[in-house]
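Inspection log for the structure reproduced underneath, given as structure tokens.
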Amino acid sequence: MLSRLRCPLRTGVAVPSVTLVISAFNEAGVIREKLENAMALDYPRDQLEVMVISDASDDGTDEIVLEYADRNVRLCRQEQRLGKSAGLTRFCPTASGQVLVFTDANSMFRPDALRMLVRHFDNPEVGYTVGSQQYDHVDQGASADSENVYWSLELKLKAWESRLGSVVGADGAIYALRKELFEPLAPEDINDFLIPLKVVVKGFRGIFDPEAICFEDAAPDFGGEFRRKYRIVNRSLRAVTKVPQAFNPFRVGWFAFELIGHKVLRWLSPVFLALMLVSSAVAAMQETTGSSNSHLFSLILLLQLAGYGVAALYWFPPCRTIRLIYIAYYVLLVNAAAAVGLGLLASGRTIGTWKPQR
């Protein structure tokens with residue numbers, strides 16, 4: 001509602017020099033397709049450098065990248081596996097482009113996506129831009145369809161946030177940053193969340209452009225989605241503790257409320273769910289032992305148990321194709337993943353490296 005009170009930002013026409021930064025660990029299965037996708041982008045060839053940061057890949061990824069050396073594709077290899085953020089810190093300062101565009105090896109850009117993504121940089125207020133990642137093959141499994149339902153809501157939130165103030169966080173699959181705003185990262189930092197926080201605190205805006213589109217497959221199963229989610233929650237919560245100024249509305253305006261409402265409260269949802277279950281159970285017991293004729297808390301408890309019961313039906317194979325059941329299971333799963341991420345954070349565990357969930 002608040003976003004409707006703001007005029008949308010004027011669409012820019014900038015065509016800056018760009019370094020497309022592809023982070024890769026053992027991506028031999030998709031890296032050739034990704035490089036061909038980069039070569040086919042509708043962008044001036046003399047304005048585009050492609051940098052592949054290989055995190056000690058040992059499956060032939062590097063050899064494939066070297067085949068494109070004569071097409072302005074540069075291989076930057078870490079000899080030891082140190083993680084994505086370590087690679088970005090080491091090699092991004094060497095990029096030739098005015099704008100860094102970050103992407104993953106399995107994220108395929110639409111031909112005009114790069115042009116759409118960087119056109120806003122003729123506005124000096126804009127520090128980063130975020131594209132629209134969309135999922136392919138959502139009809140090939142319950143996990144992919146569930147993630148797509150969640151992601152369609154996420155994209156709406158991004159659009160509203162962008163219009164009101166700044167989009168909260170970026171998307172490692174497709175986002176752009178003014179090179180001079182890049183800062184070194186610790187190995188455990190989540191670059192596509194921490195960097196945007198710092199940029200907003202410096203007084204710049206982050207813009208979501210729904211016309212800058214890329215495609216990738218969702219995690220192939222719920223197990224892969226679970227591992228991805230708890231890693232994101234763990235690293236993102238650690239990121240917000242590093243930039244406390246982002247919670248100050250006198251410094252960042254509406255962005256502070258967007259950050260709390262969209263991200264922090266959602267990551268804390270398992271805590272709220274547990275408190276709601278316990279408190280309504282206690283209140284329901286008091287209703288049954290007291291003289292009150294009200295059964296409000298008993299009803300609230302029953303509705304919660306029914307929700308968990310629907311999700312639990314996913315464990316019975318005949319129910320796994322029913323959309324209501326597998327989406328309910330997905331909601332339960334992502335909140336369980338958030339709980340694991342919170343637990344790891346509380347125990348001091350950090351996550352710096354991981355394997356792609358595909």
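If the condition is being of a type outside the set (A, V, I, L, M) and either in a strand (DSSP E or B) or within 18 Å of the chain's Cα centre (by Cα) (or both), then region 119-135 contributes Gly127, Tyr128, Thr129, Gly131, Ser132, Gln133, Gln134, Tyr135.
Residue count for region 57-92 under the criterion of being in contact with a Leu (Cβ under 8 Å, 6 or more places away or on another chain), of a type in the set (A, V, I, L, M) and closer than 26 Å to Phe193 by Cα: the result is 3.
Note on region 23-118: enclosed helices (runs of 4 or more DSSP H) holding 1 or more residues that are without any contact (Cβ under 8 Å) to a residue 40 or more places away in the chain are 31-39, 61-66, 84-91. Residues in region 163-187 that are outside any loop (DSSP other than H, G, I, E, B), open to solvent by 10 Å² or more (accessible area, probe 1.4 Å) and closer than 23 Å to Ala256 by Cβ: Arg163, Leu164, Arg178, Leu181.
Say whether the condition of being open to solvent by 30 Å² or more (accessible area, probe 1.4 Å) and of a type outside the set (D, E, K, R) is met by at least one residue in region 42-54. Yes, region 42-54 contains at least one residue that is open to solvent by 30 Å² or more (accessible area, probe 1.4 Å) and of a type outside the set (D, E, K, R).
Among the residues making up region 191-207, a single one is open to solvent by 30 Å² or more (accessible area, probe 1.4 Å) and assigned to a strand (DSSP E or B): Arg205. Taking region 71-108 as the range and being at positive phi and either at pLDDT 95 or above or over 23 Å from the mean Cα position of the chain (by Cα) (or both) as the test, only Asn72 passes.
When region 168-182 is filtered for residues that are more than 17 Å from Phe247 (Cβ to Cβ) and at pLDDT below 95, the ones remaining, listed by number, are Ala170, Asp171, Gly172, Ala173.
Taking first residues from region 129-154 that are at pLDDT below 85 and partners that are polar (S, T, N, Q), the Cβ contacts under 7 Å between residues at least 6 apart in sequence or on separate chains come to Tyr135/Asn148; Val138/Asn148.
Each row is one residue, and each column tells you yes or no for (1) over 21 Å from Thr94 (Cα atoms); (2) open to solvent by 50 Å² or more (accessible area, probe 1.4 Å); (3) touching a Gly at 6+ places or on another chain (Cβ under 9 Å).
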{"position": "Val13", "(1), (2), (3)": "yes, yes, no"}
{"position": "Leu35", "(1), (2), (3)": "no, no, no"}
{"position": "Ser57", "(1), (2), (3)": "no, no, no"}
{"position": "Gly60", "(1), (2), (3)": "yes, no, no"}
{"position": "Leu66", "(1), (2), (3)": "no, yes, no"}
{"position": "Asp70", "(1), (2), (3)": "no, yes, no"}
{"position": "Cys76", "(1), (2), (3)": "no, no, yes"}
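The values are calculated or read from the model by the stated rules, or taken from the named source; none is laboratory data. All of these numbers come straight from a predicted model, not from anything done at the bench. Using ideal geometry, Cβ is built from the backbone for each residue, glycine included, and neighbour counts are taken over all protein chains shown. Side chains are part of the model used for accessible areas, which takes the heavy atoms of the whole protein and leaves out ligands, DNA and RNA. Shrake-Rupley method; radii C 1.70, N 1.55, O 1.52, S 1.80 Å.
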